[in-house]
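The values are calculated or read from the model by the stated rules, or taken from the named source; none is laboratory data. A quick note: this is a predicted structure, and the numbers were derived from the prediction, not measured. Heads up, the Cβs are rebuilt from the backbone with ideal geometry, glycines too, and the neighbour counts pull from every protein chain shown.
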Amino acid sequence: MSGRSTFYVTTPIYYVNDVPHIGHAYTTLACDVLARFMRLDGRDVHFLTGTDEHGQKIETAAAAAGLAPQAYADKVSQSFRDLLGTMNYSPDNFIRTTEKRHYAACQALWEKLVAAGDIYLGKYAGWYSVRDETYFAEGETEVGPDKKRRAISTGAEVEWVEEPSYFFKLSAWSERLLALYEKNPRFIGPDSRRNEVMSFVRGGLQDLSVSRTSFSWGVPVPGDPKHIMYVWLDALTNYITECGYPDTGNPNWKYWPADLHMVGKDIIRFHCVFWPAFLMSAGLEPPKRVFAHGWWTIEGQRMSKSLGNGINPAELVNAYGLDPVRYFLLREVPFGNDGDFSRRALIGRLNADLANAYGNLCQRSLSIIAKSCGEQVPPKGAITDADTALLDRARRLLAIVRAELEEQSFHKALTSIWEVIADANRYVDAQAPWALAKTDPVRRDTVMWVLAETIRRVTLLVQPFMPDSTAKILDQLAIPADARTFAAFDRELESGTTLPKPQGVFPRFVEPAAAAD
RNA sequence: GGGCCCGUAGUUCAGUGGUUAGAACGAGCCGCUCAUAACGGUUAUGUCGCAGGUUCGAAUCCUGCCGGGCCUACCA
């Protein structure tokens, strides 16, 4: 192939006990933007998402639905696959843990852990609720006045149960994990999570139960098929299954180690502690970086099934449009922080940032060109200091955005881009091309060229965030398909190119009720 | 209980020792008229959670208090 540097980015594989909501959409969106950016920037990208389909919960849920586990998993997995189209995601593959190749990868990894001496047979003991069919940690239970111990969350009685289980010697890995974090400060992001993980590991690690005998929906342990692999060992392995593991001669093996595992903050431990320990034990490289983003609240309230306030991404897209939703999610909140999702905030962003600032900049500029410059890219005449100032700010944007996305600072990348959009709007007012039309049409043409060129640069950079809308704008600038990557970032607009009739790309959102007034 | 973090204009936040504490959105006023009644200019608002302390000087460092959040492992 080529010597292009690879970029492997993954979403968590989503557990099929829930239908997709805005939280899933958010994680995958962040990865999608990175994947698109890196592709435009010339990287050899592999972007993976998929579903996690094993475990007792699925076995139970399937039985309740009167379906075989596989049939149940097929159904819910499809709803996650549907989300790809709804949100315009661009994964290179959608992996499922029920694929044959994944069983092979899990079992191969298991055998490596055994060979490394990190697996032993022991007993898993804990407070088990027969009614809930699950174990509870000591702290999740309490002894009531009748001296009986119950699970706090469900109120069900629990009993002390022991079952045979294989264990992974996680306790032996504390020092090596800490060394990994020390040596690679970028391994966990943001920094607050890194501190959290490090203090957790410093506190000492217990061995991890990595098999169960209480259910059968999962990957059998090699040589002892009564045991099913712990679902997390199974799930995490998907990242290397995709690369062909255990066949390191597979063409996809070039993508390992992953550049980035994107995760929600709830599963950071699995990715930052268990996963690198498994990998290092098996003699594999850990991923380069794990980034944990925050949670969305909905109109100030925690998202929860019981409140029924989970947001269906498809409904959101129907109401406000796909690209505004994509933009809002990554612009509104510093990536890594928790944020609040509100209709008011979304509409504010849509109207202020998209319709008024960016959309109107395009429309007012392209309208003048269409009406007064003969529907073609106007000639670039003598360049003034004001022109150079604006053009330079737009030119510098690529390096800025690249650096921000390297740190997953989506909001900062967008802020930087929108500063130039604001500069461009100021420039229009300062240059007043409508006045120049009467006094100096040659200068007017140059001003319009500068604006078109600035819009071109800005729009190239917005592509990963809002692919559909930016494609329309680039069409209106008659940018050929092969001039839309960052390799063409410095290829200036050619004067004389015929332009199509401009059309607004980001209409203002008006409340349906208000529109009727 | 232990650990970590946060509390700054109406709102969201930036600012981690040094002149009169900033930005965006929202609000008022003025201007422009190319544009999606969009754009530009301008004004206003803050006991920087509270109380002490260190310092020539603190939103910024220390202590205590009040308020809020996160972590404290094997459902995922």
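Quick notes on this one:
- Residue match in region A:305-320 (condition: of a type in the set (V, I, T) and within 20 Å of A:T86 (Cβ to Cβ)): yes
For (1) modelled with pLDDT of 95 or more; (2) crowded, with 24+ Cβ neighbours inside 10 Å, each residue gets a yes or a no:
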{"residue": "A:N17", "(1), (2)": "no, no"}
{"residue": "A:H24", "(1), (2)": "no, no"}
{"residue": "A:D32", "(1), (2)": "yes, yes"}
{"residue": "A:R36", "(1), (2)": "yes, no"}
{"residue": "A:L40", "(1), (2)": "yes, no"}
{"residue": "A:H46", "(1), (2)": "yes, no"}
{"residue": "A:G50", "(1), (2)": "yes, yes"}
{"residue": "A:G55", "(1), (2)": "no, yes"}
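- Restricting the first member to region A:432-460 and to residues that are farther than 19 Å from A:C362 by Cα, and the second to residues that are among the hydrophobic types (A, V, I, L, M, F, W, C) and surrounded by fewer than 23 Cβ atoms within 10 Å (Cβ to Cβ), the beta-carbon pairs closer than 6 Å and six or more apart or on different chains are A:R443/A:L436.
- Those residues of region A:334-350 which are touching a residue at least 60 places away in the same chain (Cβ under 8 Å), more than 7 Å from RNA strand B (Cβ to nearest atom) and on the phi < 0 side of the Ramachandran plot, in sequence order: A:F335, A:F341, A:I347, A:L350
- Single residue of region A:405-425 satisfying the filter (out of contact with any Leu (no Cβ under 7 Å at 6 or more places or on another chain) and closer than 16 Å to A:A352 by Cβ) that is surrounded by the most Cβ atoms within 10 Å (Cβ to Cβ): A:W418
- For the condition among the aromatic types (F, W, Y), more than 23 Å from the chain's Cα centre (by Cα), within 14 Å of RNA strand B (Cβ to nearest atom) and not assigned by TED's automatic domain parsing to the domain that holds A:H261, A:Y327 does not qualify.
- Residue match in region A:419-432 (condition: closer than 19 Å to A:F486 by Cβ and small (G, A, S)): no
- Failed condition for A:K438, given (1) over 26 Å from the mean Cα position of the chain (by Cα); (2) modelled with pLDDT of 95 or more: (2)
- Of all the listed residues (A:A65, A:A104), the sole one being away from RNA strand B (no atom under 16 Å from the Cβ), at pLDDT below 95, in the same structural domain as A:D247 (by TED's automatic domain parsing) and surrounded by fewer than 22 Cβ atoms within 10 Å (Cβ to Cβ) is A:A65.
- Some residue of region A:371-389 being small (G, A, S), assigned by TED's automatic domain parsing to the domain that holds A:A478, in a helix (DSSP H, G or I) and more than 12 Å from RNA strand B (Cβ to nearest atom): yes
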